[in-house]
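Notes to accompany the following structure.
The values are calculated or read from the model by the stated rules, or taken from the named source; none is laboratory data. All of these numbers come straight from a predicted model, not from anything done at the bench. Cβ sites come from the backbone with ideal geometry, for glycine too, and all protein chains shown count toward neighbours.
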Amino acid sequence: MDFIQEIARAISEVTDLDINDIVQSIEIPKADMGDYAFPCFRLAKTMRKAPPLIAAEIAEKMKKPEFLSDIKVVNAYINFYVDKTVFVKSVLDEVNKKGGKYIESETGKGKTIVIDYSSPNIAKPFHIGHLRSTAIGNSLNRIYKALGYNVVGINHLGDWGTQFGKLIVAYKKWGDKEAVEKDDIKELSKIYVKFHEEAEKDPSLEDEARSWLVRMQEGDEEALSLWKWFCDISMKEFNRIYDRLGITFDSYAGESFYNDKMAAVVDELKEKNLLTESRGAQIVDLEKYNMPPCLILRSDGGTLYPTRDISAAIYRKNTYDFDKCIYVTALDQNLHFAQWFKVIELMGYDWAKDLVHTPFGLVSLGDGKLSTRKGHVVLMEDILNMSVEKTKKIIEEKNPNLEDKERVAEEVGIGAIIFDDLFNSRIKNVVFDFDRMLNFDGETGPYAQYTHARACSIIAKSGAAKSESNVDYSLLSDEASFNVCKVIKEFPEKLEEAADKNEPYIVARQIIELCKAFNKFYNENNIMQSEDATKKARLSIVFAVRDILKAGLDLLGLKAPEQM
């Protein structure tokens, strides 16, 4: 039952207010102030009365719905108290019927969302700096799918550009095929760093790199052969990490994919009189929009990131006909996206409004920003291995007899990293702290996974195969049981909010709220030793929590171990 909708209906029957407006106004009050509240402040102007008088008048006229145990007026608020038995039955019956799909909906049915995320640069190591885009984008992908959207996940690989000219020069001067085949991307990164060190002493190396890029653009066989080799080596490492993170993409179309599509975009910009020459370069002047010019072509005719991004956006619209295209990249790229979004708008495309930049803060180990060209990188694989090893030691101490410790350590160790990244608003900077993220008692991934494992353990000990239907819900009127159901009831709404704001942390926080409520319920209610009817009722909560936690963890990209 949608309690808010029914309360809104009852209010609308005694007022001239629209049901949808009432729904939007209903709040969740503080503890002991009811389960739902309707504030009457905004009605004072139209009804020409003091808000407390309006609240009292509406409450007096209202016909109390059967699912409410009481209606009280407190100042300008009408507070509604839901009958606990009715509420618990409504929630648990539906979860029992739908399982983890209880939190899903068909809000986005028939709509397409394109999400551009992760997007590492080829021939550079997959490092800790790639974590945020990858984790946030993957979670948004799952959240939108749970809401019924058709989602297209795109890994816009950085597989073209000047860095390849630099890498070719570095490989030809200091590279060794055997060393590259042995250490793959680590060796490529090593010689790439060496290029920049040497280029500071000999600037002519930069010219040499640009000439190799030109040869790539002109289809030179040697240049393209080396480029393809570098790409294959990189994808081998990337896929190994994506496999461990449980992440897949629908498209790996990177920058090189748009090489033959940019000329048409440049021509279109010329035809629409949007290009202006500036010092030999071709730009779109954005001064009247309080932005620097958007560079489309360099003075030597070479394309730039905006050219590729505009081409990619047009291609994606034509290919997927998206309702929204989301770009998950760092906050420091705000201006770049604002500029080329504006260019798309100036080109006359009304879907420019459907392009969304979803920025995030930095991730670090507390010792500064990462830089590939200076060699100051922390490899993602090293971080994953470190977390898994630390988790393994914790498991050895807590549960030395656990079966399949290797798998559980992998799921918990990697889950800890992802959950920690997603637990706060994406705009906040993240500093790695293994002690914090691997804490089994804090607001962490391991705590959430352990709570799921606890629910599974209770069910296993009970011998019950599923939640039974003939439950006496009046036995679940205690505050702890009621609060678990309240958190579950809120979950679908939180999922919608996470999608509206592109904020996975809203789901992460709701998972933690459910864990806290369930653990309080577990500590206050003896499940296994209770009488049969009570035991059956309490187990229905355990089954519901298990299903919702598993579904919620999956939305963040975490596994849900059954034993820990």
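Residue-level check: of (1) surrounded by fewer than 19 Cβ atoms within 10 Å (Cβ to Cβ); (2) outside any helix (DSSP H, G or I), Phe38 misses just (1). Out of curiosity, is Lys270 closer than 25 Å to Leu157 by Cα, of a type in the set (Lys, Arg) and at pLDDT 95 or above? Criteria not met by Lys270. Once the range 524-548 is narrowed to residues that are free of Cβ contacts under 8 Å to residues at least 12 places away in the same chain and not in a helix (DSSP H, G or I), the residue that is nearest to Ser105 (Cα to Cα) is Asn526.
If you go through the range 441-467 and pick out every residue that is in contact (Cβ under 8 Å) with a residue 60 or more places away in the chain and in a loop (DSSP other than H, G, I, E, B), you end up with 4. Name the residue that is surrounded by the most Cβ atoms within 10 Å (Cβ to Cβ), counting only residues in the range 496-521 that are among the small types (Gly, Ala, Ser) and in contact (Cβ under 8 Å) with a residue 40 or more places away in the chain. Checking each candidate, the answer is Ala508. Exactly one residue among Lys236, Lys190, Lys228, Lys182 is within 37 Å of the chain's Cα centre (by Cα), among the basic types (Lys, Arg) and surrounded by 16 or more Cβ atoms within 10 Å (Cβ to Cβ), and that residue is Lys190.
Taken as a whole, the structure places Ala537 among residues that are surrounded by 19 or more Cβ atoms within 10 Å (Cβ to Cβ), hydrophobic (A, V, I, L, M, F, W, C) and over 32 Å from the mean Cα position of the chain (by Cα). The set of residues in the range 499-520 that are under 11 Å from Leu556 (Cα atoms) and either of a type in the set (Ser, Thr, Tyr) or touching a strand residue (DSSP E or B) at 6+ places or on another chain (Cβ under 7 Å) (or both) contains only Tyr505. Looking at this structure, is Gly246 on the phi > 0 side of the Ramachandran plot and free of Cβ contacts under 8 Å to residues at least 60 places away in the same chain? Taking the combined requirement at face value, the residue does not satisfy it. Scanning the range 26-42 for residues that are among the β-branched types (Val, Ile, Thr) and under 8 Å from Tyr77 (Cβ atoms) yields nothing.
Name the residue that is surrounded by the fewest Cβ atoms within 10 Å (Cβ to Cβ), counting only residues in the range 103-129 that are outside any loop (DSSP other than H, G, I, E, B) and β-branched (Val, Ile, Thr).
Residues of the range 103-129 that are outside any loop (DSSP other than H, G, I, E, B), as a first pass: 103, 112-116, 121, 127-129.
Adding the requirement that they be β-branched (Val, Ile, Thr) leaves 103, 112-115, 128.
Working: Ile103: 25, Thr112: 17, Ile113: 25, Val114: 27, Ile115: 27, Ile128: 21.
The residue in question is Thr112.
Look at (1) farther than 12 Å from Gln563 by Cα; (2) among the acidic types (Asp, Glu); (3) part of a loop (DSSP other than H, G, I, E, B) and you find that Glu403 fails only one, number (1). Please specify each residue of the range 29-51 satisfying the condition of being free of Cβ contacts under 8 Å to residues at least 12 places away in the same chain and closer than 27 Å to Ala480 by Cα. Once the filter is applied, which keeps residues that are free of Cβ contacts under 8 Å to residues at least 12 places away in the same chain and closer than 27 Å to Ala480 by Cα, the range 29-51 yields Lys30, Ala31, Asp32.
Is there a residue being in contact (Cβ under 8 Å) with a residue 60 or more places away in the chain and among the charged types (D, E, K, R) anywhere in the range 218-239? Yes, the range 218-239 contains at least one residue that is in contact (Cβ under 8 Å) with a residue 60 or more places away in the chain and among the charged types (D, E, K, R).
If you go through the range 249-281 and keep only what is in contact (Cβ under 8 Å) with a residue 40 or more places away in the chain and hydroxyl-bearing (Ser, Thr, Tyr), you end up with Ser251, Tyr252, Ser256, Tyr258.
Any idea which of (1) over 30 Å from Ala135 (Cα atoms); (2) in contact with a helix residue (DSSP H, G or I) (Cβ under 6 Å, 6 or more places away or on another chain); (3) outside any helix (DSSP H, G or I) is the one Gly219 doesn't satisfy? Going through the list (1) over 30 Å from Ala135 (Cα atoms); (2) in contact with a helix residue (DSSP H, G or I) (Cβ under 6 Å, 6 or more places away or on another chain); (3) outside any helix (DSSP H, G or I), Gly219 breaks only (2). What number goes with the only condition from (1) surrounded by fewer than 20 Cβ atoms within 10 Å (Cβ to Cβ); (2) part of a helix (DSSP H, G or I) that Gly148 does not pass? Failed condition: (2). Can you tell me which residues in the range 286-304 are surrounded by 15 or more Cβ atoms within 10 Å (Cβ to Cβ) and either more than 27 Å from Tyr117 (Cβ to Cβ) or in contact with a strand residue (DSSP E or B) (Cβ under 9 Å, 6 or more places away or on another chain) (or both)? Scanning the range 286-304 gives Leu286, Pro293, Cys294, Leu295, Ile296, Leu297, Thr303, Leu304. When every residue of the range 53-63 is checked against the conditions, none turns out to be part of a strand (DSSP E or B), surrounded by 15 or more Cβ atoms within 10 Å (Cβ to Cβ) and either outside the structural domain of Ala537 (by TED's automatic domain parsing) or touching a residue at least 24 places away in the same chain (Cβ under 8 Å) (or both). Pairing each residue of the range 194-216 that is assigned by TED's automatic domain parsing to the domain that holds Asp176 with any residue that is surrounded by 17 or more Cβ atoms within 10 Å (Cβ to Cβ) and not in a helix (DSSP H, G or I), provided the two are 6+ apart or on different chains, yields no C-beta distance under 6 Å.
Asp243: assigned by TED's automatic domain parsing to the domain that holds Leu295, at pLDDT below 95 and either surrounded by fewer than 16 Cβ atoms within 10 Å (Cβ to Cβ) or part of a helix (DSSP H, G or I) (or both), yes or no? Criteria not met by Asp243. Using the structure shown, decide if Val471 is assigned by TED's automatic domain parsing to the domain that holds Asn519, assigned to a helix (DSSP H, G or I) and either touching a residue at least 12 places away in the same chain (Cβ under 8 Å) or not acidic (Asp, Glu) (or both). Against the criterion (assigned by TED's automatic domain parsing to the domain that holds Asn519, assigned to a helix (DSSP H, G or I) and either touching a residue at least 12 places away in the same chain (Cβ under 8 Å) or not acidic (Asp, Glu) (or both)), Val471 does not qualify.
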